[in-house]
Structures are given as C-alpha cells and as structure tokens.
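Colleague: Before I ask anything, let me first share the structure, which is written out below as structure tokens.
The values are calculated or read from the model by the stated rules, or taken from the named source; none is laboratory data. Computed from a prediction, not measured in an experiment: that's the story for all the values here. We place every Cβ from the backbone using ideal geometry, glycine too, and count neighbours over all the protein chains shown. All accessible areas refer to the heavy atoms of the entire protein, side chains included, with ligands and DNA or RNA removed. Shrake-Rupley method; radii C 1.70, N 1.55, O 1.52, S 1.80 Å.
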Amino acid sequence: MKTENKAQGKELGRKFGKWFLHKLPVILIALLILFAGWKIAHTVTPQEEQEAIAPYAYDGGEDPVIVENDELKLTMDPLTTQFALEVKDTGKIWYSNPQDVAEDPIALPDEIALLQSPLVMSYSVTQGLETTYNSYAYSTQNGIYEIVPGDKEIRVNYSLGNVEKEYVVPPVMIESDFKEWMSKMDKKDADLVGQYYKKYDIHKLSPKDSEEELLASYPCMADNITFVLRPSTKENVKKQIQDLFAGVGFTYDDYLASKELDLAEKINENPVFNVSVIYKLEGKDLVVEVPLQDLQYDKETPIYTITPLPYFGAGNGDTDGYMVVPEGGGATIHFNNGKVSQSSYYTNLYGWDMCISREAVVHNTRAYFGAYGIAEGEDSFVCMLEDGSSYASIQADIAGKKNNYNYVNSIYSICQREKYDVGDIANSEIYEYVDTLPDEILKQRYTFVDSGDYVDMAKCYGSYLDKKYPNELTPVQDASTPVAVEIIGSIDKVKQICGVPVSRPLKLTSFAEASGIVQDLSDNGVSNMHVKLSGWCNGGVNQKILKKVKPVRDLGSKKDLQKLAQTAESTGSTLYLNGITQYAFDSNLTNGFFSFRDAAKKLSKERALLHVYSHVTYGERENSDNAYYLLHTGLAEKLEDELVKTAGKYQAGASFQDLGKDLSSDFYKKAPYSRQAVLNKQTAKLAEFADKTPVMINMGNDYAVPFATMVTDVDLRGSEYTILDECIPFFQLAVHGKVDYTGDSLNICGNPGQELLASAQYGAGLQFTFMKESSFITQKTLYSQYYGANYDSWKDKALEIYKRYNTELGHTFNQEMTDYENLSGTVSKTEYADGTKVYVNFGYQDFTTEDGVKVPARDYTVTR
C-alpha cells in the first residue's frame with residue numbers, strides 16, 4: 001500500500017512539474033505585468049516646475065518718446081504706448097488708436113479699453129474657453145510694461161494680466177513705527193487706517209494663528225508687536241490709505257523698508273503674459289514685429305491669438321474713407337456704410353490649415369494675398385503681412401456696432417489647438433495646445449501712399465512685390481490671350497469583378513485623343529495654350545500616392561504620352577502633367593503608402609485623416625468613401641520632386657493640384673513643421689522647380705505666384721459678402737502683365753457668362769476643361785462636375801468665346817493694368833498701358849458711359 005501511494009505521489013509530482021513548466025512563461029508574464037502595474041502606481045511623475053513670469057515695470061517719465069527718419073516721425077505717449085506717425089512729405093498723421101474715444105456714444109467701458117490698446121491678445125485653457133486681454137486695461141494702466149527706445153525703433157515690452165497694482169502703503173510695521181505714523185495723522189484718519197491693520201503679539205496669538213507660519217512670514221514679530229495690512233483690503237481703500245500716508249511724509253524709501261519686513265509669499269493666481277512689440281522705421285515704411293520667442297506664458301494658459309495695432313488708422317463715424325480687404329482679387333468696405341446688421345468681415349489667409357480639425361464647414365473663407373489698407377481723403381496706407389503671415393486672418397468692421405469706428409486688422413493664431421474626444425470621461429471639452437513655439441516673428445509692413453485711390457495703393461503693393469521678387473515678376477511676352485486647357489484623362493469608377501466591387505480607372509480622354517484636341521484647337525486659331533493633363537496616372541483624377549508614377553494603361557502607351565507632348569510643342573503650347581503631392585487618396589501598402597508612417601500628424605498625435613463635409617449637415621461625412629490623408633511634409637516634398645522628374649522625361653511642365661494653394665502645418669513628432677515653415681519650404685521648392693521647368697499652380701497664394709508660368713482657377717471676385725461695397729482687382733493691378741492667370745473653367749463653372757465677364761474685368765485669360773467621352777459616362781460616379789466637359793459639345797462655343805476675346809483683348813496680356821473704376825453697381829472700366837479700356841456690364845440693362853460708350857447688358861465692350 002505504501003509502495004502504491006509512493007508511486008502515485010511520484011506521478012502527481014511529475015504531472016505537476018510538467019504542468020508548471022508548460023505554464024511557466026504565462027506565469028512569468030503575469031508576474032511582470034503585476035510588477036509593472038505596481039511600479040507605475042507607486043511612481044510619482046516629476047512635475048516640471050515653471051518659473052513664475054516676472055512682469056515688466058514702467059519707471060520712465062511722461063515725456064514723449066520720439067524716433068524718426070527722413071520720411072517718418074513716430075511720437076509715442078509713454079503712459080499709454082499709443083503713438084502718432086507723421087508722414088513728413090504730406091504732413092498726414094496716422095494714429096495707432098482713435099483719439100476721441102471718450103466721446104464714443106456707443107462703446108461700453110470694456111470696448112473703450114480695447115479702442116485705446118495698441119495690442120490685443122487672447123489666451124485659452126484646457127477646456128477651450130478664450131479670454132481677451134488688451135494692453136490698455138491689463139498693462140499700461142497697471143504700469144506693468146517698459147519702453148526701450150533704439151536707433152529708429154522702439155521696443156515695447158508688455159506684461160498683460162490682472163496683476164495687483166502696487167500702492168505705497170506699508171505692508172508690515174513694528175508697533176513703534178506704527179504709532180509714530182498714526183500720531184502724525186488726524187484721529188479720524190488714524191482710526192480709518194488702523195482698522196485695516198491687524199495687530200500680532202507672538203505671545204498672545206489666537207488659536208487660528210500659526211506661530212511657525214507667522215514667524216516665517218514676519219521675522220520681526222519675534223521681538224516686536226507687529227501690525228500687518230489685512231490681505232482683504234480693497235484697491236480703492238489702499239489708494240485712500242496711500243494718500244493718507246503720503247500726506248504725513250511717508251516716502252517710497254519708507255515703503256521699501258517696510259517691504260523688507262514682509263517675507264510672506266504672495267501668490268497671484270491670475271495668469272500673466274509677456275509680449276514684446278517692436279516698431280521700426282524703414283524709409284517710408286513702419287514695420288511692426290512680434291518675436292514669438294519672447295512670448296512668455298504659463299502652459300496651462302497658452303496665448304491663443306495676438307492682434308498688433310488693431311485700430312491703426314481707424315476712422316470714426318464722421319470720417320470719409322474706406323478699407324481694402326483681400327476678398328477675391330480685392331474689395332472695399334466704405335466707412336459708415338450703414339450695414340450694421342451684417343456680419344463683420346473675416347477671412348483666413350491661405351485658407352484653412354488642414355492639420356487642424358474642425359467639426360463643421362458652412363463656408364470656407366480664404367484669401368490668397370496678405371495685404372489690406374485704409375484710405376482717408378488724399379492719403380492711404382497698405383499693410384503687407386510678411387513673416388508669420390500663414391498664421392494670420394484679416395478682419396474688418398464698420399462703425400455703428402460695438403463702437404463708432406471703422407477698422408481693419410490682422411489677427412494671428414499663436415498656439416494652435418486640437419480638441420480631444422474624451423467621451424464619458426469628462427463633461428467639458430478638452431483641448432491640447434502646441435507645447436513650444438517656433439523661433440519665428442510676426443511681421444507686418446505699413447507703407448504710406450500719398451493718394452486716396454485704391455489703384456495707387458495697388459501699385460504700391462505691386463512695387464513691393466517687384467522688390468521682393470526682382471527676378472521672377474518680370475514682363476510676360478504674351479502676344480495673345482493665354483488659354484488654359486485642362487484635359488481629363490481618367491476618373492475612377494466602381495466596377496464588379498467576379499462579384500466584388502472594385503475601383504478601376506475609367507477612360508475619358510486617351511493620350512491620342514488629347515493630342516487630337518490640342519491639334520484641333522491650334523488648327524482653329526487658338527494659340528498660347530497651357531495644356532493641363534489631369535487623371536493621367538496612378539488611377540485617375542483622385543490619384544493614388546505618387547511614390548511611383550504609373551500612367552493609366554487604358555489611356556495609351558508612354559509613346560502616346562510622348563507624342564502628346566510633341567504635339568503641344570509643335571503647336572506652340574506647353575503641356576503640364578498634373579499631380580497631387582500633399583494628399584493620399586485611396587492609397588495603401590500596395591501603392592507604397594503606410595498611413596502610420598506617411599501621414600501628417602495632428603496635435604493629438606492622430607493621423608491627419610480628412611473627410612468631405614456634408615452640404616446638408618455641414619459636418620464630417622465620416623462613413624464616406626472619400627476620406628483621404630494629409631501627407632507628412634517631408635514626403636510631400638519627395639512627391640513634388642517625383643512629379644517634376646517624371647514630367648521632365650516627357651519634356652512637359654509640372655502642374656501642382658495643391659502646392660501653392662493648400663498650406664498646412666505638420667505635428668509629426670520626429671520632424672514637426674509649423675505652418676510658416678511649410679510656407680518657406682513650398683516657396684523654396686517652387687523657386688527650385690521654376691529654374692527647371694514650366695510650373696502651373698491652382699488659385700495661387702501670393703508667395704507662389706511669382707514662380708508660376710500659369711495660375712489657374714484664381715478666385716477673381718471672391719465671396720461677395722453683403723458688408724462689402726465694391727469688388728476691385730487689387731491684386732491683379734499689382735501683377736498683371738507679369739504672370740498669366742485665369743479664373744474658373746468656363747464650361748464647368750456653372751455660370752460661364754458671369755465667369756467670362758469677371759475674366760474681362762480682371763484681365764484674366766480663359767480656361768476650359770475638356771474630355772473626349774460623352775458626358776453621360778460620368779453618371780453613377782463622383783465626378784458630376786465634368787458633365788459639361790465633352791469637347792465635341794463645347795468646341796464651337798469655346799472657339800466663339802476665344803476668337804472674340806482674343807481679338808479684342810489679346811494684346812493686353814503683356815501690359816500693365818493702369819487703372820480701374822466701378823462706374824456703377826454693375827458696370828466697371830479697366831484700363832491698360834496702351835490706353836485700351838475694357839467696359840464690363842454685369843447688369844441686365846444696357847449702359848452708356850459719360851463718354852458715350854455703350855455697354856450691352858451682360859456683355860463687355862473694348863475701346864482702343
């Protein structure tokens with residue numbers, strides 16, 4: 001029996017050992033997990049200690065601070081930092097802020113403080129709440145700023161915040177000193193002062209008082225009965241006590257001696273921000289700079305926006321003048337136009353940053369050039385946004401709303417933010433902010449014009465661009481109307497393959513058919529063509545990532561594509577191969593795209609997956625098949641190089657669908673790029689490509705236009721908001737004759753008559769979009785915009801439009817646009833260097849000018 005039990009024991013031991021060895025890895029892993037959990041739970045994360053922000057202090061006098069050069073004289077009031085700028089050759093004085101704010105019949109006290117501020121900023125918190133501070137109420141009135149004059153410049157260092165104002169009132173006094181000062185006052189005054197001081201005797205403390213804490217805060221208490229100013233004393237009372245002490249001879253030195261007795265730590269829970277603004281005089285220009293590296297703020301309350309000189313040149317309710325804003329090619333808002341029920345003007349410079357999420361899109365606001373201005377009487381200025389322009393939005397409003405002033409300014413987004421989806425974890429929204437700012441500056445240049453005419457203002461802006469791009473913005477050699485012809489090669493369409501829905505390219509125009517279209521247009525007299533071939537590679541119009549460029553096989557061979565380039569060359573045209581370099585559509589590992597590696601990153605560290613927005617709900621269509629990725633900046637540059645390299649193989653130019661139009665930051669951890677850094681990289685790339693090959697871009701942001709051979713799809717008139725009074729070709733007055741540009745494609749824009757009139761008004765060339773296949777082939781696809789693109793259907797109409805347009809206007813495209821005038825609400829006149837005048841009538845009735853020129857309804861007339 002014992003032998004049997006012993007055998008059974010051995011067998012159980014053997015089985016347990018076998019089981020233990022089998023389970024040992026699992027047991028070890030479980031123990032490691034438990035240990036790691038314990039370690040994390042018992043590890044205290046070191047908190048990064050952030051130094052308190054030391055506010056500036058003004059210790060200067062009341063004498064004006066003056067800097068000047070041969071052209072300008074800036075006189076600053078040291079008590080408010082407001083200034084007057086005199087233009088010496090005209091005597092015109094421009095003010096940083098309105099001078100008669102106290103007489104404003106509309107403005108409330110907070111608004112009056114804003115009107116008196118040369119600087120306005122806002123900060124935000126984790127929950128996304130935004131608070132606005134202005135330099136008048138939160139800095140200069142508290143004396144927490146400093147003025148540093150220099151050689152033809154003034155630097156103003158602002159501290160903004162609810163910093164407790166310093167009063168010359170003794171915070172701590174020993175009993176003998178307290179009695180001495182009280183004896184010098186009237187009994188009534190002494191009694192008033194006495195009730196705001198608490199008496200401490202270290203030997204007779206109340207139960208609530210801590211002897212240790214009191215001695216640490218007031219060491220003199222060890223040997224003396226001590227009087228301490230009560231912390232609850234309000235500022236108006238401190239001011240009264242200050243006056244009483246001053247009346248009996250209490251000096252600032254006495255105050256400093258009293259402060260030495262007070263070692264109590266003062267904690268100010270209100271956020272404080274340090275912002276520096278530099279004003280420089282450069283010739284006839286006032287240059288305003290805000291260095292980002294000099295901004296100081298607590299990471300819990302990051303600076304969200306900064307607005308330098310928000311009311312520079314603002315006109316009151318009685319002033320005659322207008323503002324120029326960069327809506328479309330330009331627009332004016334007349335002072336006091338009475339449209340007080342309309343929304344104020346606001347636009348994002350260069351459009352939306354696609355790396356920043358947004359919940360809904362009702363309307364996309366964008367400006368493609370960074371300039372605005374104000375004209376008053378016979379004087380005006382133009383403000384050009386330079387460094388940091390990519391962070392700017394431009395806003396303007398009229399008198400009669402919150403205040404009695406008309407103004408335009410630029411507001412800069414400083415710390416971008418991203419909202420986290422925290423679900424049920426928190427009731428409020430949670431935002432993540434960019435943790436460090438780039439070593440950049442915000443810079444805007446005010447140039448003063450001895451004229452109140454927006455044409456002269458535009459010419460001033462043109463001269464600025466000429467100096468900035470002396471080798472790029474040179475006269476074009478056009479002898480006829482520039483015509484952009486976009487030919488659609490293929491689109492993608494879902495087909496059933498073995499019962500499985502698969503997206504495949506659908507041919508709209510083969511390479512051979514495209515050659516035929518170009519040749520046919522040339523044979524019918526169309527010259528100076530810029531032919532854009534879209535949908536020619538990597539799956540069609542919404543092409544897959546361009547890591548490898550593969551022409552769509554259904555369109556023909558590489559030799560056919562080469563023949564197309566040769567046809568374009570033989571007809572005097574330029575062929576451009578169009579490509580998407582900033583986005584990845586319908587791409588995966590088989591195309592060389594790995595989203596975790598190749599996509600740009602948002603602030604939340606999520607991949608920048610983008611969605612189309614619903615025209616009904618305005619929200620993201622997250623379940624849509626049209627989702628796509630914004631690419632990492634470094635990869636986008638490689639794709640741009642690949643497109644140019646491939647185009648060069650076919651002796652063609654490069655057309656960029658998005659470069660020079662879309663501008664987005666990238667928070668990729670290993671290689672982050674600010675939006676301004678991306679702008680600089682895009683500019684450098686375009687300059688590099690322009691030396692190699694013809695370049696075509698869309699829309700054309702101002703930094704990209706100088707390097708482009710052709711700019712298509714320019715938003716000529718913009719969104720005609722009700723607050724605007726006139727549409728003007730401000731940007732076109734500056735660049736016409738130096739770069740070719742067109743509006744939208746006439747045959748697919750939805751209103752070809754309106755677009756043709758706008759083209760004539762703004763000195764634009766013509767653009768058409770063609771395909772060889774019937775329009776019906778686009779049914780049951782996502783490309784209904786090409787429904788009117790059939791070449792055979794539009795050929796005769798296109799030739800008719802071109803021949804008349806070229807006959808009457810073809811000679812003007814190498815000329816300077818010298819004048820522009822709106823003759824009425826619907827009729828305009830554009831004039832060129834040789835005296836050619838183009839009258840455009842958008843109205844539905846004929847119009848006769850004062851010179852007797854008849855302009856038919858919905859038509860244009862040219863006189864020479």
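Colleague: Answer yes or no as to whether Ile202 is touching a Gly at 6+ places or on another chain (Cβ under 7 Å) and among the hydrophobic types (A, V, I, L, M, F, W, C).
Modeller: When the stated conditions are applied, Ile202 does not pass them.
Colleague: Same structure again: Hey, could you check region 355-368 for residues that are over 11 Å from the mean Cα position of the chain (by Cα) and among the hydrophobic types (A, V, I, L, M, F, W, C) and say which is most open to solvent (accessible area, probe 1.4 Å)?
Modeller: Looking at residues that are over 11 Å from the mean Cα position of the chain (by Cα) and among the hydrophobic types (A, V, I, L, M, F, W, C), I get Val362.
Colleague: Being without any contact (Cβ under 8 Å) to a residue 60 or more places away in the chain and either assigned to a loop (DSSP other than H, G, I, E, B) or open to solvent by 10 Å² or more (accessible area, probe 1.4 Å) (or both) is the filter; apply it to region 309-351 and report the residue that is farthest from Arg675 (Cα to Cα).
Modeller: Step by step, filter region 309-351, then rank; the result is Asp318.
Colleague: Just a yes or no: is a residue in region 681-692 surrounded by fewer than 20 Cβ atoms within 10 Å (Cβ to Cβ), in a loop (DSSP other than H, G, I, E, B), within 21 Å of the chain's Cα centre (by Cα) and at pLDDT below 95?
Modeller: No.
Colleague: Still on this model: State which residue is farthest from Tyr583 (Cα to Cα) when the search covers only region 550-559 and only residues that are open to solvent by less than 30 Å² (accessible area, probe 1.4 Å) and in a loop (DSSP other than H, G, I, E, B).
Modeller: Here the answer is Gly556.
Colleague: Ok, one more. Looking at region 586-616 only, could you name the residues that are assigned to a strand (DSSP E or B), under 21 Å from Val678 (Cα atoms) and open to solvent by 10 Å² or more (accessible area, probe 1.4 Å)?
Modeller: Result: Lys601, Arg607, Leu609, Leu610.
Colleague: May I ask you to verify whether Val502 is more than 27 Å from Leu74 (Cα to Cα), at pLDDT below 95 and either polar (S, T, N, Q) or crowded, with 16+ Cβ neighbours inside 10 Å (or both)?
Modeller: no
Colleague: Continuing with this model, one more query. Checking the condition part of a strand (DSSP E or B) and touching a residue at least 12 places away in the same chain (Cβ under 8 Å), which residue from Ile106, Ile154 passes?
Modeller: Unique residue meeting the criteria: Ile154.
Colleague: Given the conditions (1) of a type in the set (S, T, N, Q); (2) open to solvent by less than 40 Å² (accessible area, probe 1.4 Å); (3) in contact with a strand residue (DSSP E or B) (Cβ under 9 Å, 6 or more places away or on another chain), and given that Ser480 satisfies all but one, which numbered condition is not satisfied?
Modeller: (3)
Colleague: Restricting attention to region 834-864, which residues are part of a loop (DSSP other than H, G, I, E, B), in contact (Cβ under 8 Å) with a residue 60 or more places away in the chain and among the hydrophobic types (A, V, I, L, M, F, W, C)?
Modeller: Hit for region 834-864 is Phe842, nothing else.
Colleague: Something else about it: Looking at (1) touching a residue at least 60 places away in the same chain (Cβ under 8 Å); (2) open to solvent by less than 80 Å² (accessible area, probe 1.4 Å); (3) closer than 20 Å to Gly539 by Cα, find the lone condition where Gly619 falls short.
Modeller: (3)
Colleague: Right, another one. Hey, Thr617 hits all of (1) under 26 Å from the mean Cα position of the chain (by Cα); (2) closer than 27 Å to Val711 by Cα but one; which does it fall short on?
Modeller: Going through the list (1) under 26 Å from the mean Cα position of the chain (by Cα); (2) closer than 27 Å to Val711 by Cα, Thr617 breaks only (2).
Colleague: Any chance you could count how many residues in region 361-411 are of a type in the set (S, T, N, Q) and either on the phi > 0 side of the Ramachandran plot or assigned to a loop (DSSP other than H, G, I, E, B) (or both)?
Modeller: Residues flagged as of a type in the set (S, T, N, Q) and either on the phi > 0 side of the Ramachandran plot or assigned to a loop (DSSP other than H, G, I, E, B) (or both) within region 361-411 amount to 4.
Colleague: OK, next. Sort out which residues of region 770-795 are of a type in the set (A, V, I, L, M) and open to solvent by 20 Å² or more (accessible area, probe 1.4 Å), and write them in order of number.
Modeller: Answer for region 770-795, where residues must be of a type in the set (A, V, I, L, M) and open to solvent by 20 Å² or more (accessible area, probe 1.4 Å): Ile777, Leu782.
Colleague: Given the conditions (1) among the aliphatic types (A, V, I, L, M); (2) at pLDDT 95 or above; (3) out of contact with any His (no Cβ under 9 Å at 6 or more places or on another chain); (4) over 28 Å from Arg607 (Cα atoms), and given that Ile580 satisfies all but one, which numbered condition is not satisfied?
Modeller: The failed condition is (4).
Colleague: Here is a follow-up. Within region 369-383, track down each residue that is surrounded by 23 or more Cβ atoms within 10 Å (Cβ to Cβ) and either of a type outside the set (Phe, Trp, Tyr) or in contact with a Gly (Cβ under 6 Å, 6 or more places away or on another chain) (or both).
Modeller: Within region 369-383, Ala371, Gly373, Ile374, Ala375, Ser380, Phe381, Val382, Cys383 qualify.
Colleague: Consider Tyr820 carefully, then state whether it is in contact with a Leu (Cβ under 8 Å, 6 or more places away or on another chain), farther than 27 Å from Tyr461 by Cβ and not in a loop (DSSP other than H, G, I, E, B).
Modeller: Judged against the criteria, Tyr820 is not a match.
Colleague: Restricted to region 332-354, and to residues that are in contact with a helix residue (DSSP H, G or I) (Cβ under 8 Å, 6 or more places away or on another chain) and not aromatic (Phe, Trp, Tyr), which residue is farthest from Tyr405 (Cα to Cα)?
Modeller: The residue in question is Asp353.
Colleague: Among the residues of region 505-549, write down those that are of a type in the set (Lys, Arg), part of a strand (DSSP E or B) and open to solvent by 10 Å² or more (accessible area, probe 1.4 Å).
Modeller: Of everything in region 505-549, just one residue is of a type in the set (Lys, Arg), part of a strand (DSSP E or B) and open to solvent by 10 Å² or more (accessible area, probe 1.4 Å), namely Lys507.
Colleague: Just wondering, is there one or more residues in region 749-767 that are open to solvent by less than 10 Å² (accessible area, probe 1.4 Å), modelled with pLDDT of 95 or more, within 30 Å of Val382 (Cα to Cα) and part of a loop (DSSP other than H, G, I, E, B)?
Modeller: Yes, region 749-767 contains a residue that is open to solvent by less than 10 Å² (accessible area, probe 1.4 Å), modelled with pLDDT of 95 or more, within 30 Å of Val382 (Cα to Cα) and part of a loop (DSSP other than H, G, I, E, B).
Colleague: Looking only at region 441-477, count every residue that is touching a helix residue (DSSP H, G or I) at 6+ places or on another chain (Cβ under 7 Å) and either without any contact (Cβ under 8 Å) to a residue 12 or more places away in the chain or small (Gly, Ala, Ser) (or both) and tell me the total.
Modeller: Residues meeting the conditions: 2.
Colleague: Inside region 782-798, can you point out the residues that are outside any loop (DSSP other than H, G, I, E, B) and not hydrophobic (A, V, I, L, M, F, W, C)?
Modeller: Of everything in region 782-798, those that are outside any loop (DSSP other than H, G, I, E, B) and not hydrophobic (A, V, I, L, M, F, W, C) turn out to be Ser784, Gln785, Tyr786, Asn790, Tyr791, Asp792, Ser793, Lys795, Asp796, Lys797.
Colleague: Let me ask another. Residue pairs, Cβ under 6 Å, 6 or more apart or interchain, first in region 112-132 and of a type in the set (Gly, Ala, Ser), second assigned to a strand (DSSP E or B) and open to solvent by 30 Å² or more (accessible area, probe 1.4 Å). List them.
Modeller: Ser122/Glu130; Ser122/Thr132; Ser122/Tyr304; Ser124/Glu130; Ser124/Tyr304; Gly128/Tyr431
Colleague: Here's another thing I want to ask about it. Taking Tyr629, is it of a type outside the set (A, V, I, L, M, F, W, C), in contact with a Gly (Cβ under 7 Å, 6 or more places away or on another chain) and assigned to a strand (DSSP E or B)?
Modeller: It is false that Tyr629 is of a type outside the set (A, V, I, L, M, F, W, C), in contact with a Gly (Cβ under 7 Å, 6 or more places away or on another chain) and assigned to a strand (DSSP E or B).
Colleague: Which number in (1) acidic (Asp, Glu); (2) assigned to a helix (DSSP H, G or I); (3) open to solvent by less than 20 Å² (accessible area, probe 1.4 Å) marks the one condition that Asp658 misses?
Modeller: All conditions pass for Asp658, except number (2).
Colleague: Of Leu746, Leu799, which residue is crowded, with 22+ Cβ neighbours inside 10 Å and of a type in the set (A, V, I, L, M, F, W, C)?
Modeller: That would be Leu746, the only listed residue that is crowded, with 22+ Cβ neighbours inside 10 Å and of a type in the set (A, V, I, L, M, F, W, C).
Colleague: Quick one: which strands (runs of 3 or more DSSP E) sit completely within region 412-457 and have at least 3 residues that are at pLDDT 90 or above and touching a strand residue (DSSP E or B) at 6+ places or on another chain (Cβ under 8 Å)?
Modeller: Because the criterion is at least 3 residues that are at pLDDT 90 or above and touching a strand residue (DSSP E or B) at 6+ places or on another chain (Cβ under 8 Å), the strands (runs of 3 or more DSSP E) in region 412-457 that meet it are 441-449.
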